[in-house]
Amino acid sequence: MNTTENFVSTPQPPNNIVKPLKFPPQPQEWKIVSLRECPTPQEMQLCETPTEAAAYWRAHITQHPYFNPECECLVVLMLNIRRKIRGHYFVSVGTMDTVLCDPKSIFRLAVMASAAGIIVMHNHPSGESSPSQADIQVTRDLVRGGQLLKIDVVDHIVIGNGNHSSLRELGHVYQ
């Protein structure tokens, strides 16, 4: 068989520009993890101190399928009027030194669940629990947003390796 034979090519249609497909907007799904889904001892359900919130983080958040200890993860604990935890939800998983969040994404499910208060928590993969200037600024914005919505921002807690920092105890959360 000769490989230099002339092959007959089939005619090709003219080169038209392909238009991008537009998909209809999809509904988004949010998940509030209630206490029924993560059994919690009675003494751990009351969250009045940063140490109790950090214990809740270590018991439940680190077991969550979206949790990645190599990245910053932002979680919101929803509280009732007596500071008892009603549930939690993952807001965002960021990079090694940043997590994207805005008041809309933090308060969205708290409003839908009629939470009286929230505790914002995130980890620092470096293990250092001291808050950054960005953490302090976001906390101030959240406190102002919570005042408008009548949702108490109880605290913003930064979790490190075996330690934690409370922005309320450091004087950055005012009511």
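General observations
- Relative contact order (percent, whole number), the range 42-175, Cα cutoff 8 Å, 6+ residue spacing: 23
- For the range 75-175, the share of DSSP beta bridges that are antiparallel, to the nearest 5, is 65%.
- Overall Cα dimensions of the range 122-175, principal axis frame, Å, largest first: 34, 16, 16
- The range 75-175 pair-distance distribution - Cα-Cα, 5 Å bins, rounded %: 2, 14, 26, 26, 20, 10, 2
Read the figures in this text as sums done on the coordinates, not as results from a lab. Bear in mind the structure is a predicted one, so any value in this text is a computation, not a measurement.
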